[in-house]
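Written out below as structure tokens is the structure these notes cover.
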Amino acid sequence: MTDERSEPGSEPEAGGYDGAASAFVERFAADMTEAGMQRMASRVFACLLASDDGSLSSAQLAERLRISPAAVSGAVRYLAQVHMVSREREPGSRRELYRVHENVWYEALLDRDQLLTRWTTTLRGGEQALGPDTPAGRRVRDTYEFLEFMQGELEGMLERWYARRAGGAEATPGLKPEE
């Protein structure tokens, strides 16, 4: 099945997946892989993101991406660990669906925020271990000060994003608007 996003002349491929959608999925997956994400996880994530419902079964993913069910399973395991997708049961079926989270980028940034907190804690200890007045200690201090700055900016940025999504309403720190 194709939809209005299909380019003229693009032919449906496996599972109603047209050439334009496939090209987008592969391009975005390549971008994410270049940024450090596992290749197969990038492809599965991009495919889920490009699906109308934001969810597909293992068989649908394997067909659209022309990969094995084992490759889908490994990719989904990784994506679930990093909170980018979740597993759901299809109503009335034993079949699992894999769904991209509605707030996937928010969740990913929150995970980064927690990671930054751990890093700054470790870096503060590293500054003391190396000596705060040594070149290495100063370099470590510059690193954690930058990461703390990034954390503060990230919090404000997420609040502004949710205010924008809510149509300009005032954002409440730590709260997401009703969907």
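The values are calculated or read from the model by the stated rules, or taken from the named source; none is laboratory data. Given the structure is predicted, the values throughout are model-derived calculations rather than measurements. All Cβ positions, glycine included, derive from the backbone under ideal geometry; neighbour counts span all protein chains shown. Accessible surface is based on the protein model in full, side chains and every heavy atom, while ligands, DNA and RNA are left aside. Shrake-Rupley method; radii C 1.70, N 1.55, O 1.52, S 1.80 Å.
Is it the case, given these coordinates, that ASP31 is at pLDDT below 95 and either part of a helix (DSSP H, G or I) or of a type in the set (D, E, K, R) (or both)?
In short, no.
Can you report the number of residues in segment 35-62 which are modelled with pLDDT of 95 or more and of a type in the set (D, E, K, R)?
2
Out of all the residues in segment 129-155, which are within 16 Å of THR117 (Cβ to Cβ), of a type outside the set (Phe, Trp, Tyr) and exposed (fewer than 12 other Cβ atoms within 10 Å of the Cβ)?
If the condition is that a residue be within 16 Å of THR117 (Cβ to Cβ), of a type outside the set (Phe, Trp, Tyr) and exposed (fewer than 12 other Cβ atoms within 10 Å of the Cβ), then GLY152, GLU153 are the ones that fit.
Report, by residue number, each residue of segment 26-54 that is over 20 Å from SER68 (Cβ atoms) and either charged (D, E, K, R) or open to solvent by 50 Å² or more (accessible area, probe 1.4 Å) (or both).
Hits for segment 26-54 are ARG27, PHE28, ASP31, GLU34, ALA35, GLY36, LEU49, ASP52, ASP53.
Checking the conditions here, which among ALA108, ALA129, ALA80 is aliphatic (A, V, I, L, M) and over 18 Å from the mean Cα position of the chain (by Cα)?
ALA129
Quick check on segment 55-67: of everything there that is in a helix (DSSP H, G or I) and not hydroxyl-bearing (Ser, Thr, Tyr), which residue is most open to solvent (accessible area, probe 1.4 Å)?
Here the answer is GLU63.
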